[in-house]
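Every number in this text was worked out from the coordinates using simple rules, so none of it is lab data. All of these numbers come straight from a predicted model, not from anything done at the bench. No Cβ is skipped: glycine too gets one built from the backbone with ideal geometry, and neighbour counts run over all protein chains shown.
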Amino acid sequence: MRGKAAVAISLLITSAGIALADGRLGEAFCGADALFASMPTNGAVDVGRALAMLLQATENLNRYVAGERLNQFHREDKLLAFGLGSLQQATNFAPGAILTNVLQALGEFTAQLGALQMVGDTRSQLSAEPQLLRLNRALNGITSLFPRTNLAEAVELASRRSCPNHSTLIGHKGEKCWNCGAVLNRPVPLLPDRNGTVPQAIVAAIKSNAPLHQGTAQHVTLRLSTANTAPLTPAQLIRVHGQKIHLFLLDTSSGDYHHVHPQLGSKPGEYEFEFTPTQAGDYRLWVEAHVFPFAFREYAMADLPGIGSGDAPTVPREQTSFEANGLRYELVPEAAGLRTGTNSRLKLRVLKLDGSPFAQLEPIMEAYAHLVGFGEDRRSILHTHPTGAPVTDQSARGGPELEFQVLPPQAGYVRWFAQVKIAEKVRMVPFTTKVAPEETSLTAGIVP
């Protein structure tokens, strides 16, 4: 089976480059050239670069499978989200029939990508290779819709490599550095940096009758729209973990956290929810939604004003254990710790106070726990779930240990909240961990 994964890599950048060179893609792309020649597009989007992002990310996914490194899949999320979002933006002025074909192709790729990521989360190497072949075919379905000139540019960009010892010396795959003789094997990043902003598909606005009052239930109307101001309707939202919208609220002290699910309001694009703040200050709100046809998370932020200044943020310090209601909760990073740009593991451990394991976690939103983290800048957010299949049996019980995968976007302290359900009661458990900066070395970023 590993041979198939190796062969699959050749279906991507290498074979595309050869086919372009000898003209074998001419017939396949003739129709696309004709269709797109007169099609109005969003000129602000570089289609060739967007396609190159998909080529580069998918090639890396092929290498992860070939090397049995399934835990690295999510390293490509940012690049894939940016590429897919850019392609959608590039064609948002296209005639209906063409736009439908593009969205269907992008949706098929995203569906196959989601299935592959599930395989990676469950570490199923046996299932990874056939699923990877489906993803590669879906990528071919996307590239077949764009002109030959765009694909040629994409192949050129995605195949660039730099020297592991002289990062400014750039050539192509297989070439050698003319300074030190090393093989050029570092893919040249196609994003400005790892924290580059993904094209935002949703915008959030808040309508509230009055400022928040401490200890008083507050009714809030949330208005969601797409980037072009059109109302975002439920039909455009993909249900994830039982809900179409997940909404997170955190006060300025990072002490009062809420996870709620707004319900449809009276007007298109409006959703309503209630919560009771325990602090007098402002609250920041993060909306998480998955917008059709892509399965990537989209976030939008808004602020809810309070009647007072609220508690000042506490001085950050690591807190990896918490005791409440006769239980001890521990959030344990792997030995290497958490680092930006690195896919890392966290374990949530639940024990009784005498040290014995507690394995009575009840399902909540198709998981035994939800873990949400907020960066020091109060702008970055991480939302993750335990590895493994969704929990749909309400009588099932989990614990005492759950494993999470996280990819921290920036260094500094992260305020975490683990949401669990015990004896039919939802509990929020706070932690704080520190994320180290990305390790820099001569070999960082190499995909062997």
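Among the listed pairs LYS244/LYS267; LYS78/LYS267; LYS176/LYS434; LYS173/LYS347, those whose Cα-Cα separation exceeds 28 Å are LYS78/LYS267; LYS176/LYS434; LYS173/LYS347.
Within the range 118-147, report the trypsin sites (Lys or Arg not before Pro) that DSSP leaves as loop and that have at most 14 other Cβ atoms within 10 Å. Before the final figure, lay out each step's value.
On the way: sites: ARG123, ARG134, ARG137; in loops: ARG123.
Within the range 118-147, the qualifying trypsin sites (Lys or Arg not before Pro) (loop, at most 14 other Cβ atoms within 10 Å) are ARG123.
Using θ = phi - 60° in the Karplus curve 6.51 cos²θ - 1.76 cosθ + 1.60, the 3J(HN,Hα) couplings for the range 269-285 round to x, 9, 9, 10, 8, 10, 7, 10, x, 9, 10, 8, x, 6, 10, 9, 10 Hz; x is entered for Gly and Pro.
Return the tail of the calculated pair distribution for the range 217-371, meaning the percent of Cα-Cα pairs more than 18 Å apart. Write down the numbers at each step before the final one.
Working: 8305 of 11935 pairs.
Summing the P(r) of the range 217-371 above 18 Å gives 70 percent of all pairs.
Each of LEU126, LEU106, GLY83 was placed along the dipole of the range 49-132 (beta-carbon charges, centred on the mean Cα), and the one lying farthest toward the positive end is GLY83.
Scanning residues 5 or more positions from TYR413 or on other chains, those with amide H under 5 Å from its amide H are GLU376, VAL435, with H placed 1.01 Å from N in the peptide plane.
Once you have a ≥ b ≥ c as the square roots of the Cα gyration tensor eigenvalues for the range 363-421, tell me rounded if a/c is under 1.5, and otherwise prolate or oblate according to whether a/b is larger than b/c.
On the way: a/c = 2.81, a/b = 2.50, b/c = 1.12.
Prolate, because a/c is 1.5 or more and a/b exceeds b/c.
Taking Cα centre as origin and charging only the Cβ of basic (Lys, Arg, +1) and acidic (Asp, Glu, -1) residues, the dipole magnitude of the range 316-418 rounds to 240 debye. Based on the reciprocal of the average 1/r between different C-alpha atoms, the Kirkwood radius for the range 130-265 equals 20.6 Å. The length gained by stretching the chain between LYS352 and SER253 to full extension, at 0.36 nm per residue less their Cα-Cα distance, is 32.7 nm.
Using a ≥ b ≥ c from the Cα gyration tensor of the range 290-442 (square roots of the eigenvalues), is it rounded, prolate or oblate, where a/c under 1.5 gives rounded and otherwise the larger of a/b and b/c decides, a/b for prolate?
Values: a/c = 1.29, a/b = 1.28, b/c = 1.01.
Rounded.
Between the amide H of GLN279 and those of GLY215, distances stay under 5 Å, these residues lying 5 or more places away or on another chain, with hydrogens modeled in the peptide plane. Note that the range 122-133 has calculated 3J(HN,Hα) couplings of 9, 6, 9, 4, 4, 8, 5, 5, x, 5, 5, 4 Hz, one per residue in order, obtained from phi through the Karplus relation 6.51 cos²θ - 1.76 cosθ + 1.60 (θ = phi - 60°); glycine and proline are x.
Arrange CYS177, CYS163 by Cβ neighbour counts within 10 Å, fewest through most, would you? All intermediate terms of the calculation are to be shown ahead of the outcome.
Values: CYS177 19, CYS163 23.
Starting with the residue having the fewest Cβ neighbours, the order is CYS177, CYS163.
Each principal axis of the Cα atoms in the range 207-288 has its own extent, and those three values, largest first, are 35, 28, 20 angstrom.
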